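Read-outs throughout are calculated quantities, based only on the coordinates presented, and are distinct from any laboratory measurement. Because the structure is predicted, anything quoted here is derived from the model rather than measured. Note that each Cβ is placed from the backbone with ideal geometry, even for glycine, and that neighbours are counted across all protein chains shown.
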Ligand SMILES: C[S@@+](CC[C@H](N)C(=O)[O-])C[C@H]1O[C@@H](n2cnc3c(N)ncnc32)[C@H](O)[C@@H]1O
């Protein structure tokens with residue numbers, strides 16, 4: 001039974017008057033209140049003062065009861081799943097308000113055979129009055145991330161329901177409910193005007209028509225139930241393909257994925273379920289499962305420009321008999337498909353969609369408000385901007401399985417650190433006047449001997465400042481179009497990002513990353529003389545003088561990711577941009593020089609090379625130019641921007 005606040009604090013009217021008087025006299029101080037009225041009355045005080053301990057405990061316990069045992073949380077932690085489940089209780093109709101239903105559900109879950117999966121696939125989750133949120137949660141997380149990120153916004157969607165019967169778990173009612181729920185989510189997108197629901201038999205066609213009739217869908221979206229053969233024959237092109245099941249029975253060779261790729265518009269994308277994910281120990285044990293998942297990714301790899309994967313937590317109701325199952329790792333594994341998170345792949349035909357995937361939280365909030373038709377408060381039960389941020393980077397298990405089995409060394413450079421390489425902390429370096437040239441300003445020097453291949457300032461790589469492409473672009477536009485903005489502090493940000501930052505375009509559009517500490521004062525080594533940089537890089541291969549600009553950027557200096565699927569690089573992109581390593585032995589007292597050749601990114605490669613030629617010929621570099629302007633101009637009165645005495649001894 002639900003406990004109400006104050007139920008067990010039946011204080012008399014008299015004591016309450018005293019308490020209220022005390023609050024009035026001593027303000028909102030809990031310490032004073034507790035001290036004055038004594039232990040007996042403190043719970044009432046806490047409530048008066050907003051220390052809502054009891055309701056808080058209640059929420060937590062019902063959450064744990066309904067969704068997860070301590071043990072499931074443990075699994076979630078092991079595979080680094082974003083804490084989506086914590087947000088679910090926002091919708092009260094989903095959460096343990098209905099204790100009777102939960103208890104009934106518990107009873108049905110005690111037989112050995114019942115999997116008690118509530119992620120949308122088992123028979124027990126077909127009950128529409130179920131207090132659990134699986135289907136909606138799952139479909140929101142399948143539909144919205146992709147549809148919100150396509151550029152241009154998608155008008156047409158193919159919802160592929162033809163392989164449902166292959167899975168053997170779906171009756172017609174379930175199929176109809178699945179379709180309805182997916183249609184509802186899709187129809188929330190204002191840009192979508194046409195949805196093809198692709199089916200393969202007359203039963204499914206009937207379910208499809210019923211789903212359309214029974215749903216109160218947006219009137220300006222046209223839904224078509226279409227047999228797969230007709231879809232093929234009519235050569236229909238769509239902006240988005242949604243595959244709520246991997247087409248496993250029909251397609252072990254990738255022909256079906258090729259087919260969907262060919263039916264996408266040039267900047268379209270596909271979303272597909274790859275399967276359940278497993279904690280790392282199972283990945284090691286169950287190699288064939290990993291291989292199967294990799295085979296699916298490979299099919300996407302062959303045709304798509306970029307693939308990103310993310311997990312949706314699967315919800316699982318704890319039963320005592322499951323506890324027994326968990327006694328051996330094999331039985332854990334056999335239950336895994338319904339209990340562990342579902343891994344989803346989004347495959348983009350062009351890189352543009354990927355750049356949008358990495359929008360910031362405010363952009364997503366704006367997108368949710370402007371691109372979706374939300375009528376009721378629970379139209380979106382789980383998905384929101386903050387959730388989107390948690391799935392922007394692939395989960396660590398993806399990075400692990402990729403790097404341990406399939407990725408190349410360069411794709412996996414930051415997948416764990418090799419303890420063989422020592423780290424030279426910032427405390428072993430100092431800032432002084434650069435020896436690079438008269439106008440080179442500050443530089444960074446070694447205060448110890450640094451062995452070749454050492455990491456430099458590894459402890460600081462977490463502190464880089466990252467400007468996603470939208471921020472970079474917005475800032476640049478404002479600098480160009482708004483003189484007042486360009487003349488103010490924005491200039492400092494501009495210099496900071498552009499003169500001290502590393503530009504790169506791994507996701508198709510330019511982003512900037514800046515070191516937030518004094519390694520940012522490392523100068524460029526002219527003529528291929530740099531002694532720090534990326535691991536195993538040869539700085540003399542391309543110098544500012546040797547590179548022939550008429551042939552564009554040399555392949556190995558490009559900052560675009562070269563493989564379509566690279567979960568490790570996706571996860572480590574910030575570090576990837578700022579990490580540095582000693583390219584040779586460096587003596588105590590030597591200045592550190594980096595290789596700036598690709599610091600302008602793909603977009604500003606030529607400008608960067610030309611400015612390096614100038615600086616290496618003795619001209620004032622960008623920072624020096626800005627600094628001299630600041631020193632003489634109005635800005636100098638407001639902003640002091642020379643933090644170190646460059647002539648001082650270390
Ligand atoms: C990232 S900052 C390096 C720190 C800079 N020296 C300072 O004092 O702030 C890059 C700027 O340093 C200067 N610079 C870097 N390498 C140089 C070089 N080899 N010769 C001359 N100037 C250089 C240029 O002004 C360039 O814009």
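Please compute the modelled spin-label separation between residue 386 and residue 604, points set 7 Å along Cα→Cβ, answer in nm with one decimal.
If labels sit at residue 604 and residue 386, their model points lie 3.5 nm apart.
Using packing as a proxy for protection, rank 459-472, 523-536 so that the peptide with the highest average count of other Cβ atoms within 10 Å comes first.
Working: 459-472: 17.4, 523-536: 19.4.
Answer by packing, highest mean first, reads 523-536, 459-472.
Which residues in the range 558-602 have a backbone N closer than 17 Å to a point placed 7 Å from the Cα of residue 291 along the Cα-to-Cβ line?
Within reach of a label on residue 291: no residues.
Measuring from label point to label point, each 7 Å out along Cα→Cβ, what is the residue 373 to residue 298 span in nm?
Between residue 373 and residue 298, the label points sit 4.5 nm apart.
For residue 453 and residue 545, what does the FRET efficiency come to when R0 = 35 Å and r is the distance between their Cβ atoms, rounded to the nearest 0.05? Walk me through the intermediate numbers first.
Values: r = 27 Å, r/R0 = 0.77.
After rounding to 0.05, the efficiency reads 0.85.
How big is the antiparallel share of DSSP beta bridges in the range 427-638, given as a percent to the nearest 5? Let's see the in-between values first.
On the way: 17 of 19 bridges.
The answer is about 90 percent antiparallel.
Which distance in nm do the two modelled labels at residue 193 and residue 462 give, with both placed 7 Å along the Cα-to-Cβ direction?
Between residue 193 and residue 462, the simple spin-label model gives 5.0 nm.
With the Cα gyration tensor of the range 427-638 giving a ≥ b ≥ c as the square roots of its eigenvalues, does the rule (a/c under 1.5 for rounded; else a/b larger than b/c for prolate; else oblate) give rounded, prolate or oblate?
Values: a/c = 1.40, a/b = 1.11, b/c = 1.26.
Judged from the Cα gyration tensor, the range 427-638 comes out rounded (a/c under 1.5).
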